[in-house]
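For reference, the structure discussed in these notes is given below.
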């Protein structure tokens with residue numbers, strides 16, 4: 001995995017208060033869950049091992065790991081975020097899971113997101129070196145989740161992930177040393193993180209001249225950066241139209257309007273997105 005493959009989708013971001021002594025029985029979640037134990041305490045049985053999680057604990061639960069909660073002898077406040085580390089076309093229709101493997105259908109089991117973080121982390125605790133900085137952004141996400149633009153929320157969440165990875169998985173991207181700039185750009189585009197980027201944006205992001213960047217990319221992949229970005233953008237569009245509305249796809253792909261998306265789609269495929277969707 002490389003950093004350009006990170007393209008998070010936030011499913012739930014909320015504050016929650018749980019009564020003393022409440023139990024959430026064993027379950028397996030499809031996504032990741034980031035929890036802050038703001039008040040009270042939790043006994044979390046994670047992967048078969050019980051952990052005492054006092055107030056001030058930061059927790060990260062992986063997809064596919066069985067766990068259960070026993071809340072302490074006073075009310076517990078535990079704001080949390082459910083998220084996919086890498087967006088998939090089906091992400092928008094997958095709910096939060098409250099069931100164990102035995103209660104899942106065969107289709108529901110396919111919803112468990114592959115784990116892209118180090119598998120040797122078997123405990124749920126996170127170390128956060130600057131908790132005040134982390135929590136400031138964390139609470140802004142919770143408070144703005146239903147009111148702020150989704151791109152703004154995702155941008156803030158990427159800041160959280162940056163801190164989380166820096167403090168807990170410092171070697172995660174070690175293999176990127178010597179990582180060719182053309183491969184970095186291709187991975188960034190393939191992951192869906194560059195839908196609205198211009199050649200100027202790529203130049204600034206990768207600190208490389210526009211002319212030489214485009215020439216280098218074309219030499220390696222047979223087409224320029226923007227031509228390649230447009231082809232990937234259209235491939236993503238065609239897949240998403242199987243399950244999403246034209247207006248939603250246009251927004252996800254960072255088009256300024258449904259009309260500009262429809263025009264680009266027709267120029268690329270020869271038919272309008274609405275006509276292609278009806279086939």
### Summary
When the stretch 152-190 is checked residue by residue, the ones that are out of contact with any helix residue (DSSP H, G or I) (no Cβ under 9 Å at 6 or more places or on another chain) and either farther than 16 Å from residue 85 by Cβ or modelled with pLDDT under 85 (or both) are 170, 171, 174, 175, 177, 178
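Residue-by-condition table, conditions (1) under 21 Å from the mean Cα position of the chain (by Cα); (2) crowded, with 19+ Cβ neighbours inside 10 Å:
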site	(1), (2)
39	no, no
45	no, no
48	no, no
58	yes, yes
67	no, yes
74	no, no
88	yes, no
105	no, no
109	yes, no
### Task
Kindly check whether there is at least one residue in the stretch 162-181 that is under 16 Å from the mean Cα position of the chain (by Cα), assigned to a helix (DSSP H, G or I), touching a residue at least 40 places away in the same chain (Cβ under 8 Å) and within 20 Å of residue 37 (Cβ to Cβ).
yes
### Message
Which condition from (1) at pLDDT 90 or above; (2) in contact with a helix residue (DSSP H, G or I) (Cβ under 8 Å, 6 or more places away or on another chain) is the one that residue 222 breaks?
### Response
(2)
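Yes/no matrix, rows are residues, columns are (1) surrounded by 14 or more Cβ atoms within 10 Å (Cβ to Cβ); (2) assigned by TED's automatic domain parsing to the domain that holds residue 35; (3) part of a helix (DSSP H, G or I):
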position	(1), (2), (3)
147	no, yes, no
189	yes, no, yes
215	no, no, yes
223	yes, no, no
229	yes, no, yes
## Note on the structure
Among the residues of the stretch 59-76, the number that are touching a residue at least 60 places away in the same chain (Cβ under 8 Å) and within 17 Å of residue 18 (Cβ to Cβ) is 2
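The values are calculated or read from the model by the stated rules, or taken from the named source; none is laboratory data. These numbers come from a predicted model, not from an experiment. No Cβ is skipped: glycine too gets one built from the backbone with ideal geometry, and neighbour counts run over all protein chains shown.
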